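The values are calculated or read from the model by the stated rules, or taken from the named source; none is laboratory data. Computed from a prediction, not measured in an experiment: that's the story for all the values here. Backbone-built Cβ (ideal geometry, glycine too); neighbour counts: all protein chains shown. Heads up: the accessible areas ignore ligands, DNA and RNA and are worked out on the full protein's heavy atoms, side chains in. Shrake-Rupley method; radii C 1.70, N 1.55, O 1.52, S 1.80 Å.
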Amino acid sequence: MSPQTLSKTWRRVLAIGLVVTGLGLAVIVAVLPFMHAEAVKQNLAASREQLALEERLRRTPGAKTKSIRREVLIPGATEGLAGAELQRRVSELARASTLTLRSTQVAPAKREAELTAVSVDASIQGTIDGVRSLLYAIETGDPLLFAEGLSIRTIATPQAQQRPIMLDIKLKVRGYAVTN
């Protein structure tokens with residue numbers, strides 16, 4: 001059935017329907033980024049409030065590190081146990097992000113006030129989607145972790161197949177623990 005075989009009324013109805021559908025899709029495409037930005041803004045505000053609360057607790061005279069919520073700290077009574085827990089956590093997050101963990105190394109711990117900063121250097125391979133997923137998991141999960149250093153290189157492979165580009169990733173992750 002061609003458009004010329006339809007009556008003039010039906011052609012107008014179809015044209016109006018297409019215009020309304022196009023406008024509806026345009027409105028949806030225009031509104032979605034604003035909705036996402038608002039959700040991110042609310043999440044960021046909640047995180048800032050939590051960090052401000054933790055900072056106030058830490059600075060309060062007589063307040064001890066034990067008053068900080070335990071969920072934000074890496075569990076471990078000693079520097080070695082905290083480092084091993086961080087290493088396990090990074091390995092777990094890498095696997096969950098469909099990345100291949102090549103190696104991890106716990107860096108020497110550093111004392112910062114009443115907390116111990118523990119770090120892990122990781123060598124990982126995977127795709128950009130895996131890297132994005134891993135960084136999101138590190139920065140938003142519990143315990144509170146920070147991606148301190150990131151280096152990404154492409155791995156030279158023949159591009160005959162339509163596969164995602166493989167990346168070689170070097171990542172340094174830092175977290176805090178209360179140790180003796």
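Checking the a/c ratio against 1.5 first, then a/b against b/c, what shape does the Cα gyration tensor give for the chain? Spell out each step's value before the answer.
Values: a/c = 4.97, a/b = 1.87, b/c = 2.66.
Oblate shape, in that a/c is at least 1.5 and b/c is the bigger or equal ratio.
With n ≥ 4 as the cut-off for DSSP H runs, can you work out [θ] at 222 nm for the chain, using -39500 (n - 2.57) per run divided by the number of residues, rounded to the nearest 500? Can you show the working numbers first?
Details: 3 runs with 83 residues, N = 180.
Result for the chain, helices only: -16500 deg cm²/dmol.
Using a 10 Å cut-off on Cβ atoms, rank the peptides 81-91, 31-41, 107-117 from the highest mean neighbour count down. Could you put the intermediate results ahead of the total?
Numbers: 81-91: 20.0, 31-41: 9.7, 107-117: 14.5.
Descending mean neighbour count gives 81-91, 107-117, 31-41.
Taking +1 at the Cβ of each Lys and Arg and -1 at the Cβ of each Asp and Glu, which of Val29, Thr179, Leu53 sits farthest along the dipole of the chain towards its positive end, judged by Cα position relative to the Cα centre?
Val29
Using a probe radius of 1.4 Å on heavy atoms only, what accessible surface per residue do you get for the chain? Whole Å² is fine.
Working: 12400 Å² over 180 residues.
Each residue of the chain exposes 69 Å² on average to a 1.4 Å probe.
Could you work out what % of the accessible surface of segment 85-180 is carbon and sulfur, using a 1.4 angstrom probe and leaving DNA, RNA and ligands out of the count? Walk me through the intermediate numbers first.
Values: 2880 of 5590 Å².
Answer for segment 85-180 is 52 percent, counting heavy atoms of protein chains only.
Quick one: what Rg and Dmax do you get for segment 100-163 from the alpha carbons, in Å?
According to the Cα coordinates of segment 100-163, Rg and Dmax are 15.3, 55 Å.
Modelling each spin label as a point 7 Å along the Cα-to-Cβ direction, I'd like the Leu23/Arg56 distance in nm, to one decimal.
Here the answer is 4.9 nm between the modelled labels.
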